[in-house]
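Visitor: Below you will find the structure I want to go over with you.
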Amino acid sequence: MIDYFKYRKSLQEILFYTSIAIYYVYFFISRSTVHIDGLKILLLFSVFLAFLATFVNSFGYTKRGLIIQVILYTCMAISVINNRRLDILQLVMIILVSLNSINMDFKYLLKFNFWCLLTMYSIITLSAILGIINTEILTHSGLDQTVNTYGFTYYNIPSLSIFTILILYVVLKDKINFIDIFLYLVVSFWAYKVYTQRLLFILLLFYIFMYLLFRYKDISSNIFFSAISYFLPLVMTVISFTLAYIYKVNASSLYTLDNLLNGRIGLTLQAFNLYKITIWGQPFTWTTGDEIKFIGNYFFLDNAYAYALLAYGLIFLLGLIIEYTSILIFLQKNSELKLYLWIVVVVIGGTIVFDWLLNIIFSPCLYLIIRIINKKNVL
């Protein structure tokens, strides 16, 4: 006799992982120098498969969890629709993938993401090196250095790819030895020299340093980590906004720090001058790359907290702070040091990196929060 429950779960896994793989292909090609007519068909197909996986899945949610999820995704949808920047299909994909992920083995899910990320990054980079696709030579704003993007349209995606690959490597490895640490540091430095992303390099060093410092300790009842868990997301948000205010009052006092952050404090202040705070978000315009020639001066808001508040609205920002705080508390209680430090890096890095918001490729947050809501084990 066929075990219907087991068959249904296997079918869901096939549909789920196929949809993620196709989404990775769409995501990376859309951010490369390759131009393919009808590329959006890939996104549409990945959404379709994710929807089928959700339809097959009718288990895994608690009643409480289902109610919270409906509220969570409704608020997210209102904010994103008001913002009008994120493709509605991508929003649907993000929601469907996070919903389905609750029934997946978490470690295997991270491993699958690791290989998808490594494969797509390698294909595009090697294709550019071999001359199969075009590359871009850009000037890194604030550093006056040229950057070869090796097949990508901008250098943030390849640098974030390397960043995430390295952290996933540490998370997935049972035991980290001297050779692993050496390779981690070498690749980190190489990525910094190639893509000139100094702040991501510092975050990678911070991550491995904290891991080596605390890897033999139980963090579940550690007062230091408890303080981080409960207050870090809120503190980083307040710091982001406070620095922008100080910069407005006395720019010279923060000149050195703003220089170190490649002008990010000034750009945050510029964003607050251009946009009002709303409850549910508003259309938000950036001026980067070739757009500068037509629109005016460079304007790109890297600060995830300021962007969440101004582009997606106050409700979205509060939800983001609660999400990060809940994940940190949960991972600390379970003494999941590697994952915990990853989220700490995401929270700290949120002041300088926008791309971790609403992202299933560079951040595990959406996979984690759905499990916490429904009281599922992480590993």
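Quick note: the coordinates plus some simple rules give every number you see, no bench work behind them. Since we're looking at a predicted model, the values are computed, not measured. Using ideal geometry, Cβ is built from the backbone for each residue, glycine included, and neighbour counts are taken over all protein chains shown.
Visitor: Can you classify the chain as rounded, prolate or oblate using the Cα gyration tensor, where a ≥ b ≥ c are the square roots of its eigenvalues, rounded means a/c under 1.5, and otherwise it's prolate if a/b beats b/c and oblate if not?
Guide: Judged from the Cα gyration tensor, the chain comes out rounded (a/c under 1.5).
Visitor: Let me ask something else about it. Using DSSP to call loops (not H, G, I, E or B), can you name the chymotrypsin sites (Phe, Trp or Tyr not before Pro) in the stretch 133-187 whose Cβ has at most 16 other Cβ atoms within 10 angstrom?
Guide: Here the chymotrypsin sites (Phe, Trp or Tyr not before Pro) that fit, given the DSSP loop and packing criteria, are Tyr154.
Visitor: Can I ask one more? Assigning unit charges at the beta carbon (Lys, Arg +1; Asp, Glu -1) and nothing else, what dipole magnitude in debye, to the nearest 20, does the chain show about its Cα centre?
Guide: I would put it at about 860 debye.
Visitor: Please compute the modelled spin-label separation between Ile67 and Tyr108, points set 7 Å along Cα→Cβ, answer in nm with one decimal.
Guide: Once both label points are built, they end up 3.3 nm from each other.
Visitor: Need one word for the stretch 218-379: rounded, prolate or oblate. Basis is the Cα gyration tensor (sqrt eigenvalues a ≥ b ≥ c); a/c below 1.5 gives rounded, then a/b vs b/c decides.
Guide: Prolate, because a/c is 1.5 or more and a/b exceeds b/c.
Visitor: Please identify the DSSP H helices in the chain that span no less than 20 Å along the helix axis (Cα) and have a mean Kyte-Doolittle hydropathy of 1.6 or more.
Guide: Sorted by number, the helices that extend far enough and score high enough are 40-56, 156-172, 198-214, 223-249, 314-333.
Visitor: Please give the calculated 222 nm ellipticity per residue for the chain, where each DSSP H segment of at least 4 residues contributes -39500 (n - 2.57) and the sum is spread over every residue; nearest 500 deg cm²/dmol?
Guide: -21500 deg cm²/dmol
Visitor: Between Leu260 and Ser122, what is the spin-label point distance in nm, taking each point 7 Å from the Cα along the Cα→C-beta axis?
Guide: For Leu260 paired with Ser122, the spin-label model returns 3.7 nm.
Visitor: Rank Leu91, Leu15, Leu39 by mean-square fluctuation in a GNM of the chain with C-alpha springs under 10 angstrom and give only the top-ranked residue.
Guide: Leu39
Visitor: Among Val346, Val186, Val170, which one shows the biggest mean-square fluctuation in a GNM of the chain, springs joining Cα atoms closer than 10 Å?
Guide: Val186
Visitor: With a ≥ b ≥ c the root eigenvalues of the C-alpha gyration tensor of the stretch 104-216, is it rounded (a/c under 1.5), prolate (a/b larger than b/c) or oblate?
Guide: Verdict is oblate for the stretch 104-216.
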